[in-house]
Structures are given as C-alpha cells and as structure tokens.
Amino acid sequence: MELPKVGSIGEYIRDQRKQAKISLRQLATQAGVSNPYLSQIERGLRKPSAEILNQIAKGLRISSQALYVQAGLIEDREPDSDVLAAVRADGTLTERQRQVLIDIYESFRKENRAEAQAEAGRTSQNARPESETSEVDAVLAEEGVTSSSNGRIKTEPKEG
C-alpha cells in the first residue's frame, strides 16, 4: 500500500482532515481527543500512540492501517494489486472515497478466498484416497461394473 509521503504523521492527519472538510474541533470530538492535543499532533509537537491513531482514523473514517504505516508503526506487507494502485493514484477521489472503494474491493477478495477454501474443503472430503479407490475399482470390476471416461458407471454381464 504505497501512501503519499508527507513530512510527518501530523501533516498527514491535517491533510486527511482538510480533504474530509472537517474542522480540528470536529475531528477532536469525533476521535474523542482534546482539541489542543490534536492540534499538537498536527503541528508535529506530539507523537500519537497507536490507540490515539486508531481513534483519529475512526474520526476521519479512514483505515487505521494507513495511519499506522504513515506513522512508521507498521510496514506495509502485501504488494498492491493493479486495482489498488489505480484507486490510490486517482487524484479526483477524496481519501474517504478511495478508502471505501478499497474496503469493498478487499471484502470481495476476502469473500472469494473463503469460498475457494470452502470449495477445497468439499473437494478433499469427496475425494477417496488412491488406495481406497483402487480397491473399490477392483471389487466393482469383479462384479462386472466399470466406469467410462465420462464418469458414468456401466454394468457388463458377468460370464460364468
């Protein structure tokens, strides 16, 4: 997640607040921090804790991870997909719009991963071990039952 680099976490928070078109007092109220403390963070006089960053992120309605990365608390681990890079690079969107699009995209990806894991689980439950398969096939062959290439079972009259 390549974020635009600014001089400090305070400048980044100020930029996000201005893009969201909310006042310092409004953000302080929404984040549950004092107005003077938030002002000091924005001016680079205070370094906020992860807890405070989380509250500020909620007040700004942006990802707390974005603030953590910007503050240097965590490193971004997963490389961006082309979709994420395009959304982040689009200067016509506000930060909130970008974050909403990213959240929706990530929820789709998470849902697809869960479905793929569930499908893999169903497939592995339905699959018989190779040794069991060959034993069953051998017994069925003795009874004159075989399967064709299309998976259909056909019975053949047993001579005897």
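Taken together, the values in this text are just the output of simple stated rules run on the coordinates, not laboratory data. Please read all numbers here as calculations on a predicted model, not as lab measurements. Reconstructed Cβ throughout: ideal geometry from the backbone, glycine too, with neighbour counts over all protein chains shown.
Each peptide among 26-35, 63-72 gets the average number of other Cβ atoms lying within 10 Å of its residues, and from highest to lowest they stand as 63-72, 26-35.
Summary of packing: across the peptides 103-114, 45-56, the per-residue average of other C-beta atoms within 10 Å ranks them, highest first, as 45-56, 103-114.
Ordering 13-23, 87-97 by mean Cβ neighbour count within 10 Å, with the highest value first, yields 13-23, 87-97. Given 37 °C and 0.692 mPa s, compute D for the range 49-101 with the Stokes-Einstein relation, Rh being the Kirkwood radius over Cα pairs; round to the nearest whole µm²/s. D = 276 µm²/s.
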